[in-house]
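A.B. asks: Got a structure here, written out as structure tokens. Questions coming.
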4 protein chains.
Amino acid sequence: MLFLPLKKNKMPYNLLKGKKGIIFGALDEKSIAWKTAIRCHEEGADLVLTNAPVAMRMGEINKLATLVNAPVIPCDVSSNEDVLNLITKTMEHFGGGVDFILHSIGMSLNVRKGKHYTDIDYGFNAKTLDISAMSLHRVLATAMKLDAINEWGSVVALTYIAAQRVFPDYNEMADAKSLLESVSRSFGYHYAVKKHVRVNTISQSPTRTTAGSGVKGFEGFINYAEKMSPLGNASSEDCANYCVTLFSDLTKMVTMQNLFHDGGFSFTGVTLPVIEQMEK
Amino acid sequence: MLFLPLKKNKMPYNLLKGKKGIIFGALDEKSIAWKTAIRCHEEGADLVLTNAPVAMRMGEINKLATLVNAPVIPCDVSSNEDVLNLITKTMEHFGGGVDFILHSIGMSLNVRKGKHYTDIDYGFNAKTLDISAMSLHRVLATAMKLDAINEWGSVVALTYIAAQRVFPDYNEMADAKSLLESVSRSFGYHYAVKKHVRVNTISQSPTRTTAGSGVKGFEGFINYAEKMSPLGNASSEDCANYCVTLFSDLTKMVTMQNLFHDGGFSFTGVTLPVIEQMEK
Amino acid sequence: MLFLPLKKNKMPYNLLKGKKGIIFGALDEKSIAWKTAIRCHEEGADLVLTNAPVAMRMGEINKLATLVNAPVIPCDVSSNEDVLNLITKTMEHFGGGVDFILHSIGMSLNVRKGKHYTDIDYGFNAKTLDISAMSLHRVLATAMKLDAINEWGSVVALTYIAAQRVFPDYNEMADAKSLLESVSRSFGYHYAVKKHVRVNTISQSPTRTTAGSGVKGFEGFINYAEKMSPLGNASSEDCANYCVTLFSDLTKMVTMQNLFHDGGFSFTGVTLPVIEQMEK
Amino acid sequence: MLFLPLKKNKMPYNLLKGKKGIIFGALDEKSIAWKTAIRCHEEGADLVLTNAPVAMRMGEINKLATLVNAPVIPCDVSSNEDVLNLITKTMEHFGGGVDFILHSIGMSLNVRKGKHYTDIDYGFNAKTLDISAMSLHRVLATAMKLDAINEWGSVVALTYIAAQRVFPDYNEMADAKSLLESVSRSFGYHYAVKKHVRVNTISQSPTRTTAGSGVKGFEGFINYAEKMSPLGNASSEDCANYCVTLFSDLTKMVTMQNLFHDGGFSFTGVTLPVIEQMEK
């Protein structure tokens, strides 16, 4: 006997029919960006995929390109030229502007090099901030200059609650995410005023992506987060669904927000399972 | 020549097909609850409508009942018996539990009586807190006892940013909304653990409803909010759309949150139009 | 050889010399209010002590009265008459208004009766909210009417982070503390405008007071809080010191704030000791 | 007849007697850092003053050095070597570690060059982030390496509410302040665990300093802030007093906090004077 979950029966809803979007950061099928691309495609959107050249070599973005029938345009987000090229090519491809953008980009050289937060290299740090946070500014500024986002368009960047509270192993990425959220608010103001474009961040549960797993102590805090979230951790599929709502016309007045998508973690002080664990 | 807004062409999406819900607080067609009932119905949901007997007499809920083909069950939310009766009758009507609830209820006796915040009557205040905030607890506790909300169900209560920052004329309703948001978090924890039910509040722009307009200085602050919101104030139709996403299966991991739906007001410190006005 | 901690050598500083204040809620020597009364007295303040008649019988307030050379005026804070009597008598005693007030009051009938949060009695709840939160309003409203707080006076109420995040065993007190914090902001606005009086809440670490210890699962969460606070939990002595700064002239522009006094707990997502415990 | 404000009579309190500290950023007598140096000196502290060489040439730090009897050690906070030299020389001067540090540093090249936020130069931006935010990290990391802050020491950095809400003319400094606040939390965790050193930010009202006045539209938003603050804007003298409390032993358990010192601005949604202005 075949069990078909009800959910599968109902989706898709054509929530993004006729919409066009850019998805940054789909490395492999564990990526939130990968799942989001799949879900946006199912909901009727046309996509352009992009990632850093080095990430494209490591990952499997071409496989995704086939699945969602989208071109891939490489882009190093720390390069003004690359971002300009991406936006220009995307507009040529679509014959006009886009309706949504997913920014799922983060990289920490100090984490990779195993530097402790109290002993980071400031050159590496500048690179981390540029790639993980100022890249959102660069994408939005370039898009604004080229008028590349349609009226009431929607931009989402992925972030983590370490921007608000300290998770020691998250290291300098916490600061990068704080900066990213601030850029999102600041640019969100200007793009709302100029063209009703909204910009939000989703603060997602820790997720077992290839990127996420690289963080030291990751298993410890994903388990802790699971025990501390009344609904459990949100998966990348859940996040993809949430992105779809934010790209849709149903959330047009939501902007400049940091939206926790974390099974309740953010507003839970402690849970019974954690208290029980503390008593062991 | 006929102008058809693109939006109308696309909706509905059947986002709530097969779902059942209870809508509290639809007074008349200006009500957010009214618009939400309409949109939920369009998206495929089956509804039960309810309001306080006194509000039913003043308003036009029966007209809405016809439009969305739903029964109306009166309920004074300050009465345990009434709430029990509502939930019981609803379960009988649907032959089972519900998938979503909208709590759009607020009443301040001190505001009605023109009492200044620094001079409120504590008996009236107790009534305000009971009707505007503890009513959410009563509904959820009764639903939990009767197991009236289905797995992964979604509860939304409407609130206002006066719960975080002072708007002097909002009077004791600010305190009531703070209490409501706390109840939402607290009960959200327990209902998530017990049955994956999520509970959130939407902090909506000031809206020209019959209830909202009663607040002293309302026109002043709705205009201020409009000037202070990069996207302008969110309308009741926008709010109805946002409610639909929160009742859908696409937001299953969002719980215990207070979600600002306000065109960016909440994260805007000042805008150019306000600065210009200050210089007059 | 005798070791004298440097701290003892330096204090007091005469920070409150010439100031007059009312201290609510000193039950016994474990109470934060007790320690605060002692420290205010050491810093040169003249005090009036008050507590509920029933708490006075259980506790040892008269011992404190001797230590700080202050009269005790009984006051049931849920009674308008009692509060009026307290303020009137205090003004008679001092021959004028006061400069500061400490509100350290909380009581939950549902907790005492062992009711689970999802099954509270609403009559008890109304009493909890009235005593634990609206009592601050009653004190401030009465003081405003009698012009009992001097220009630039300072009011502090004690609260707990359960007002922001769920700690399941804290039960309805979480909602009461949210309400208290809202009252503090709301009244803080009006009293600032009227007479430059500032009103703040201190969100204190869990503290082993006679009241605190009554909460179910208290030992579990005080240990968790200790492990989750980079500086450890703040003690009642620490809190008394912090209150002194807020009553002093050095913090005159701080108002309508909720001030975390918790060794860093509030902005810590996880600590290494907690992660280690999770891995056991 | 001579009018002596009561305040002058009572201060100082010897709150910082025996303490040693470093004050960054005293440009001229309008500077918050200048006033804080004066107040710390009055309260019994021994100081080292520092500023960027270029700022020292523009300002009058030597005048301050005479007033508070402190050496001046130039330091470009974007240089590891300069920071190392500053900390080393300070320890030599004091014959040991310091008890407190004030970080009052901010500089935006894009603002100076008149670039709009949506059109910033990323090279300038990197410099802004490094000087205005990462400088705090550099100072703390260097101090930790040299064990230059005594047990229970206190570090305060000045910030602005643009880190939370958008003030359009504040430009990229908003993002820099968000980053600064995150660094403060992140490093605060590690320094608390290692040596009970606490790190906080004070989010100060807009202040008519030489630096502040450079921001475009400054007069507009200082007036707006004045009208939106129930107590009015906090002055630099008020801020100096508040810093003294945070450097004292009375606030030892406050860490990783962003403390609003703004006359209530941060928790005020609107005021009557602003509403009245909107109606003009």
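A.B. asks: Net charge around C:G263, counting only other residues with Cβ within less than 13 Å of its Cβ (Lys, Arg = +1; Asp, Glu = -1)? Don't skip to the end; give the middle numbers.
C.D. replies: On the way: positive: C:K227, D:R198, D:K252; negative: C:E226, C:D238, C:D262.
So the surrounding residues net to 0.
A.B. asks: Relative to the Cα centre, what is the charge dipole magnitude of the protein assembly as shown, using +1 at the beta carbon of each Lys and Arg, -1 at the beta carbon of each Asp and Glu, and rounding to the nearest 20 debye? Present the calculation step by step, with values, prior to reporting the outcome.
C.D. replies: Values: 116 positive and 112 negative charges, 1 e Å.
Once rounded to the nearest 20, the dipole reads 0 debye.
A.B. asks: Per residue of A:10-16, how many C-beta atoms from partner chains lie within 10 Å of its own C-beta, taken as a mean?
C.D. replies: Numbers: counts 9, 5, 2, 10, 5, 7, 2.
Averaged over the peptide's residues, the number is 6.
A.B. asks: Please give, to one decimal in nm, the separation of the simple spin-label points placed at C:E92 and A:N85, each 7 Å out from Cα toward the Cβ.
C.D. replies: 8.7
A.B. asks: Taking each residue of B:119-132 in turn, how many C-beta atoms of other protein chains fall within 10 Å of its C-beta, and what is the average? Each step should come with its number before you reach the end.
C.D. replies: On the way: counts 4, 4, 1, 8, 0, 0, 5, 5, 1, 0, 8, 4, 0, 0.
That average works out to 3.
A.B. asks: Have a look at the range A:228-242 and report residues whose accessible surface goes down by 50 Å² or more when the remaining protein chains are included, against the chain on its own, probe 1.4 Å, ligands and DNA/RNA excluded.
C.D. replies: A:P230, A:L231, A:Y242
A.B. asks: In debye, nearest 20, what is the charge dipole magnitude of the range B:75-134 about its Cα centre with +1 on Lys and Arg Cβ and -1 on Asp and Glu Cβ, if you could check?
C.D. replies: Details: 5 positive and 8 negative charges, 57 e Å.
Magnitude of the dipole: close to 280 debye.
A.B. asks: Given label points at 7 Å from Cα along Cα→Cβ, what nm distances, shortest first, separate C:L146 from the same residue in every other copy?
C.D. replies: The projected label point of C:L146 is separated from its counterparts by 4.9, 5.7, 7.1 nm.
A.B. asks: Picking from B:N241, B:P230, B:G263, whose Cα lies most toward the positive end of the charge dipole for the range B:180-267 (charges on Cβ: Lys, Arg +1; Asp, Glu -1)?
C.D. replies: B:N241
A.B. asks: Using a cut-off of 11 Å between beta-carbons, work out the net charge of the residues near A:I202 (Lys and Arg +1, Asp and Glu -1, A:I202 not included). Intermediate results must be reported in sequence, preceding the final value.
C.D. replies: On the way: positive: none; negative: A:E181, A:D238, A:D262.
That works out to -3.
A.B. asks: Compute, for C:I32, the solvent-accessible surface of its heavy atoms (probe 1.4 Å) with the complete set of protein chains present, and express it in square angstrom to the nearest 10.
C.D. replies: Probe radius 1.4 Å; accessible area of C:I32 about 20 Å².
A.B. asks: In square angstrom, what is the accessible area per residue of the protein assembly as shown with a 1.4 angstrom probe? Kindly include the intermediate steps, with their values, before the conclusion.
C.D. replies: Numbers: 38170 Å² over 1120 residues.
Accessible area per residue: 34 Å².
A.B. asks: Another question about this same structure. Put +1 on the Cβ of each Lys and Arg and -1 on the Cβ of each Asp and Glu in the range D:119-264; which of D:T207, D:L179, D:F218 then has its Cα farthest toward the positive end of the dipole?
C.D. replies: D:L179
A.B. asks: At a probe size of 1.4 Å, how large is the accessible area of D:E237, to the nearest 10 Å²?
C.D. replies: Accessible area, nearest 10 Å²: 80 Å².
A.B. asks: Kindly identify chain A as rounded, prolate or oblate by the Cα gyration tensor criterion: order the square roots of the eigenvalues as a ≥ b ≥ c, call it rounded if a/c is under 1.5, otherwise compare a/b with b/c, prolate if a/b is larger, else oblate. Don't jump to the answer; show the numbers that get you there.
C.D. replies: Numbers: a/c = 1.58, a/b = 1.21, b/c = 1.30.
Oblate shape, in that a/c is at least 1.5 and b/c is the bigger or equal ratio.
A.B. asks: Please state the relative contact order of the range B:190-280 as a whole percent: Cα pairs under 8 Å, 6+ residues apart?
C.D. replies: Values: 98 pairs, mean separation 37.4, N = 91.
In percent, rounded to a whole number, it is 41.
A.B. asks: Other chains' Cβ within 10 Å of C:193-205 residues: what's the mean?
C.D. replies: Taking the mean over all residues of the peptide, I get 2.
A.B. asks: Next question. About the Cα centre of chain A, how large is the charge dipole given +1 on each Lys and Arg Cβ and -1 on each Asp and Glu Cβ? Please answer in debye to the nearest 20. Provide the component values of the computation, followed by the final result.
C.D. replies: Numbers: 29 positive and 28 negative charges, 66 e Å.
Using only the charged Cβ atoms, the result is roughly 320 debye.
A.B. asks: Same structure again: Please name which of C:T128, C:I101, C:A141 has its Cα lying farthest along the dipole of the range C:99-163 towards the positive end, using unit charges on Cβ (Lys, Arg +1; Asp, Glu -1) and the Cα centre as origin.
C.D. replies: So the residue we want is C:T128.
A.B. asks: List the distances, in nm and shortest first, from the label point of C:N80 to the matching label points in every other copy, placing each point 7 Å from Cα along the Cα-to-Cβ direction.
C.D. replies: Inter-copy label distances (nm, one decimal, shortest first): 2.8, 6.9, 7.0.
A.B. asks: When the convex hull of the C-alpha atoms of the protein assembly as shown is computed, what volume per residue in Å³ does it have? Don't jump to the answer; show the numbers that get you there.
C.D. replies: Numbers: hull volume 203.6 nm³, N = 1120.
Each residue corresponds to 182 Å³ of Cα convex hull volume.
A.B. asks: Another one. Give the ranking of A:F221, A:F267 by solvent-accessible surface, highest area first, calculated with a 1.4 Å probe. It would help to have the intermediate numbers written out before the result.
C.D. replies: Numbers: A:F221 10, A:F267 55 Å².
Sorted by accessible area, descending: A:F267, A:F221.
A.B. asks: GNM, chain C, Cα, under 10 Å: largest mean-square fluctuation among C:P71, C:P206, C:P168?
C.D. replies: Maximum among the listed residues: C:P168.
A.B. asks: If the limit is 28 Å between Cα atoms, which of B:K10/B:K89; A:K10/B:K145; A:K19/B:K17; B:K30/B:K127 go over it?
C.D. replies: Numbers: B:K10/B:K89 35 Å; A:K10/B:K145 30 Å; A:K19/B:K17 23 Å; B:K30/B:K127 25 Å.
Long pairs (Cα-Cα over 28 Å): B:K10/B:K89; A:K10/B:K145.
A.B. asks: Turning to a different aspect of this structure: Using a 1.4 Å probe, how large is the accessible area of D:K145, given in Å² and rounded to the nearest 10?
C.D. replies: Approximately 140 Å² of D:K145 is accessible to the 1.4 Å probe.
A.B. asks: Just the number, please: buried accessible area between B and A, total of both chains, 1.4 angstrom probe, nearest 100 square angstrom.
C.D. replies: Numbers: alone 13710 and 13680 Å², together 23650 Å².
By this definition, chains B and A bury close to 3700 Å².
A.B. asks: Moving to a separate point now. Sort B:K194, A:K30 from largest to smallest accessible area, using a 1.4 Å probe on the heavy atoms of the protein chains. Could you put the intermediate results ahead of the total?
C.D. replies: On the way: B:K194 135, A:K30 110 Å².
Solvent-accessible surface, decreasing: B:K194, A:K30.
A.B. asks: Share of the range B:193-280's accessible area from carbon and sulfur, percent, 1.4 Å? Show your work: numbers first, answer last.
C.D. replies: Values: 1390 of 2500 Å².
The C+S portion of the solvent-accessible surface of the range B:193-280 is 55 percent.
A.B. asks: Would you mind listing the distances between the A:S213 label point and the same position in each other copy? Use 7 Å along Cα-to-C-beta, nm, one decimal, shortest first.
C.D. replies: Those separations, rounded to one decimal, come out as 5.0, 5.9, 6.0 nm.
A.B. asks: Once you've got the GNM for chain D with C-alpha springs shorter than 10 Å, pick whichever of D:V193, D:V72, D:V183 has the biggest mean-square fluctuation.
C.D. replies: D:V193
The values are calculated or read from the model by the stated rules, or taken from the named source; none is laboratory data. Only a predicted model underlies this, so the values are computations on that prediction, with no experimental measurement involved. Note that each Cβ is placed from the backbone with ideal geometry, even for glycine, and that neighbours are counted across all protein chains shown. SASA here: full protein model, heavy atoms, side chains in, ligands and nucleic acids out. Shrake-Rupley method; radii C 1.70, N 1.55, O 1.52, S 1.80 Å.
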